[in-house]
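*Asks:* Have a look at this one.
FYI, it's all coordinate maths here, none of it is from the lab. Keep in mind that this is a model prediction, so the values were computed, not measured. We place every Cβ from the backbone using ideal geometry, glycine too, and count neighbours over all the protein chains shown.
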Amino acid sequence: MHRILLTLCVCLFPPLPTFAQRDLKDIPVPDAAEEQGTFVLPEGFEVNLFAADPQIAKPIQMNFDARGRLWIASSSVYPQIEPGAEANDRILILEDKDGDGVSDSTSVFATGLLIPTGVEPGDGGAYVAASTELLHFADTDGDGVADSRRIVLSGFGTEDTHHILHTLRWGPEQRLYMSQSIYIHSHIETPWGIKRLNAGGIWQFRPDTLELDVFARGWINSWGTHFDRYGTTFATDGAGGEGINYAVPGASYATAYGAARILPGLNPGSPKHCGLEIVGGPNLPEDWQGSFLTNDFRGHRVCRFVLEEDESGFISREQQEVIKSNHQSFRPIDIKMGPDGAIYIADWYNPIIQHGEVDFRDPRRDHTHGRIWRVTYRGSPLVERQ
């Protein structure tokens, strides 16, 4: 009962800074250099701008492919399309061809989408989370532009644009993991029967057989799934307050209706986080290897956690931030290790977050800007492009 009441308080009465957006008057100038000047990093680390508007706008999720290209799901339409307008959101491919740490090539892989909230390259193209559907776009001639569009699964709920199917990621067994959140009710017909998930949780999907299963249930807005080198699954919650979650197959977490047992997160009382990555590669210091990175988008921070095994579970401790800032529009929402060993951060860039607290048509909402930041450790080798 206490957990249910806490969840209702989080949903109905968000933190004061969220409501404070209603009276926000000092909108920062959308200058990338000015924003970068507010970043505070640990000693020895540096950050550079990998990509920015107009090359990209409003990145939501990103993933690298086997060629080292960065795929981005972006939405200028969010939080709601205007009556009579055409959906024009895009899937972008960015590439750093000369290896200088800055994107020098952008192609529009797919367009005409309505608030795509996930992209994962694979199977000759990319899978895209698009409202009620999981789509696959194929690139048959290798020109970086989709030639065909296929509905892979349909029937995902659309009750809340923050909570629709999102954040795609391949698992170690080559199954596709994807999340939905608390206000969504999904009923998906597959060759193996109708699969249902009413509220939040993580899906597990095998594309070659179309087998779809619920991997874990619960959370308010699970937004970030990752796997350590042993295949252990972890998750973050963009609206919960428990930091890193040890995601056990078949388990139930906060808000899972009717669950006999609820597993808590590893950092009770922690701010809400979205996106999840595990550090690996020669560029970052030894004591950073295996660290968990995630984003406190409300607090303008990129956070780092160190996990240790503890009997049948884990202990998680927060460390010094990767980046912290006082810039009102810095909104880190996804994070990935790049093929060069650097840390890449998707910056939604917006002084206004959420949707219920501020009008959908509020002119202070930013629909055109966005950045990808790249963090490296000074003087340490990067992985050379093959």
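*Asks:* Going highest first, how would you order 66-78, 205-217 by mean Cβ packing within 10 Å?
*Replies:* So the order, starting with the most tightly packed, is 66-78, 205-217.
*Asks:* Let me ask something else. From the backbone phi of region 42-47, what are the Karplus-calculated ³J(HN,Hα) couplings (6.51 cos²θ - 1.76 cosθ + 1.60, θ = phi - 60°) in whole Hz, Gly and Pro given as x?
*Replies:* So the Karplus estimates, Gly and Pro as x, are x, 4, x, 9, 9, 10 Hz.
*Asks:* While we're looking at this one, here's another question. If each residue's Cβ is checked for other Cβ atoms within 10 Å, how do Met178, Met337 rank with the fewest at the top?
*Replies:* Met337, Met178
*Asks:* Just flag the GluC sites (Glu not before Pro) in region 313-386 sitting in loop per DSSP whose Cβ has no more than 15 other Cβ atoms within 10 Å. Walk me through the numbers on the way to the answer.
*Replies:* Working: sites: Glu318, Glu321, Glu357, Glu384; in loops: Glu321, Glu357, Glu384.
Within region 313-386, the qualifying GluC sites (Glu not before Pro) (loop, at most 15 other Cβ atoms within 10 Å) are Glu357, Glu384.
*Asks:* For region 133-287, rounded, prolate or oblate, judged on the Cα gyration tensor with a ≥ b ≥ c (square roots of eigenvalues), a/c < 1.5 rounded, else prolate if a/b > b/c? Could the numbers behind the result be given before it?
*Replies:* On the way: a/c = 1.81, a/b = 1.16, b/c = 1.56.
Cα axes put region 133-287 in the oblate bin.
*Asks:* Below 8 Å, C-alpha to C-alpha, sequence gap of six or more: please give me the relative contact order for the chain in percent.
*Replies:* On the way: 1004 pairs, mean separation 62.4, N = 386.
Taking the mean separation of contacting Cα pairs over the length of the chain, I get 16 percent.
*Asks:* First obtain the Kirkwood hydrodynamic radius of region 215-342 from its Cα pairs, then insert it into the Stokes-Einstein equation at 37 °C and 0.692 mPa s, and state the resulting D in µm² per second as a whole number.
*Replies:* 219 µm²/s
*Asks:* Helix-derived [θ] at 222 nm for the chain: sum -39500 (n - 2.57) over DSSP H runs of at least 4, divide by residue count, nearest 500?
*Replies:* -1500 deg cm²/dmol
*Asks:* Explain nothing, just compute: Karplus ³J(HN,Hα) = 6.51 cos²θ - 1.76 cosθ + 1.60, θ = phi - 60°, for every residue of region 272-284 in order, whole Hz, x for Gly and Pro.
*Replies:* 6, 10, 9, x, 8, 9, 10, 6, x, x, x, 6, 8
*Asks:* For Rg and Dmax of the Cα atoms in Å, which listed value, (i) 25.0, 108; (ii) 20.9, 61; (iii) 19.6, 57, comes from the coordinates shown?
*Replies:* (iii)
*Asks:* Specify which residue in the list Phe109, Gly200, Gly313 is farthest towards the positive end of the charge dipole of the chain, using unit charges on the beta carbon of Lys, Arg (+1) and Asp, Glu (-1), about the Cα centre.
*Replies:* Gly200
*Asks:* Please arrange Ser325, Ser312 by counting, for each residue, the other beta carbons lying within 10 Å of its beta carbon, fewest first.
*Replies:* So the ranking, lowest neighbour count to highest, is Ser312, Ser325.
*Asks:* Treating only the Cβ atoms of Lys and Arg (+1) and Asp and Glu (-1) as charged, compute the dipole magnitude of the chain about its Cα centre; round to the nearest 20 debye.
*Replies:* Computed charge dipole of the chain: roughly 900 debye.
*Asks:* Related question: Less than 12 Å Cβ to Cβ from Gly290, Lys/Arg counted +1 and Asp/Glu -1: what total charge do the surrounding residues give?
*Replies:* Result for the local shell: -4.
*Asks:* Anyone know which of Leu293, Leu113, Leu276 comes out most mobile in the 10 Å Cα GNM of the chain?
*Replies:* Of the options given, Leu113 has the highest mean-square fluctuation.
*Asks:* Among Ala259, Leu276, Tyr246, which residue has its Cα positioned farthest towards the positive end of the charge dipole of region 40-377, with +1 placed on the Cβ of Lys and Arg, -1 on the Cβ of Asp and Glu, and the dipole taken about the Cα centre?
*Replies:* Farthest towards the positive pole: Ala259.
*Asks:* Starting from the amide H of Ser186, placed 1.01 Å from N in the peptide plane, find each other amide H under 5 Å away whose residue is 5 or more places distant or on another chain.
*Replies:* Gly157, Leu197, Asn198, Ala199
*Asks:* Using per-residue counts of other Cβ atoms within 10 Å, averaged over each peptide, order 183-189, 135-141, 221-227, 94-100 from highest down. Walk me through the numbers before you get to the answer.
*Replies:* Values: 183-189: 18.0, 135-141: 16.4, 221-227: 25.9, 94-100: 14.7.
Packing order, densest peptide first, comes out as 221-227, 183-189, 135-141, 94-100.
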